[in-house]
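The values are calculated or read from the model by the stated rules, or taken from the named source; none is laboratory data. These numbers come from a predicted model, not from an experiment. So basically every Cβ, Gly included, is an ideal-geometry build from the backbone, and we count neighbours across all protein chains shown.
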Amino acid sequence: MSYKRLEHTADVEVLVEADSLESLFCDSLDAMVEIMGPEKKGDKSTNRTVSIGSIDLTALLIDFLSEVLALSEINNEYYEVEKIQFMNENRVEVVLAGRPIETFSEDIKAVTYHEADVVQDKDGKWSTKIIFDI
């Protein structure tokens, strides 16, 4: 997991860095789950498939995280990536492993587009900043 929290006045900002685009999505989800602080209820796992289409990679990541955030609230679960079935610049299909929770210790209201920009450097590393509205 390669992310770190950055200083932000009101919200939570993270910098996520990864060797692959797939890892960037997985690590971004891990960062969001850690911020949410799920109080775990059990180990039973439920698989859910999420399929998202967006105009570019940045929107795809933010839309993916927003969808998982909504599923977390609706189903009282936290999620880990089980398998990325398909990914390109405009579409991702992911199988998530959901685990039940009692509650979350932090309420994330939204995953914002502010300062988000998925980029690949000259060495092939991927990175982005993500601001979570709390």
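In segment 1-57, which residue that is of a type in the set (Ser, Thr, Tyr) and outside any loop (DSSP other than H, G, I, E, B) is modelled with the lowest pLDDT?
Tyr3
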Can you give me the number of residues within segment 61-89 that are touching a strand residue (DSSP E or B) at 6+ places or on another chain (Cβ under 6 Å) and within 19 Å of Asp117 (Cβ to Cβ)?
5
Give segment 26-60 a look and list any residue that's over 21 Å from Phe104 (Cβ atoms) and not polar (S, T, N, Q), or say none.
Ile52, Gly53, Ile55, Asp56, Leu57, Ala59, Leu60
Selection count, segment 37-62, where residues are in contact with a Leu (Cβ under 9 Å, 6 or more places away or on another chain) and either without any contact (Cβ under 8 Å) to a residue 24 or more places away in the chain or closer than 18 Å to Phe86 by Cβ (or both):
9
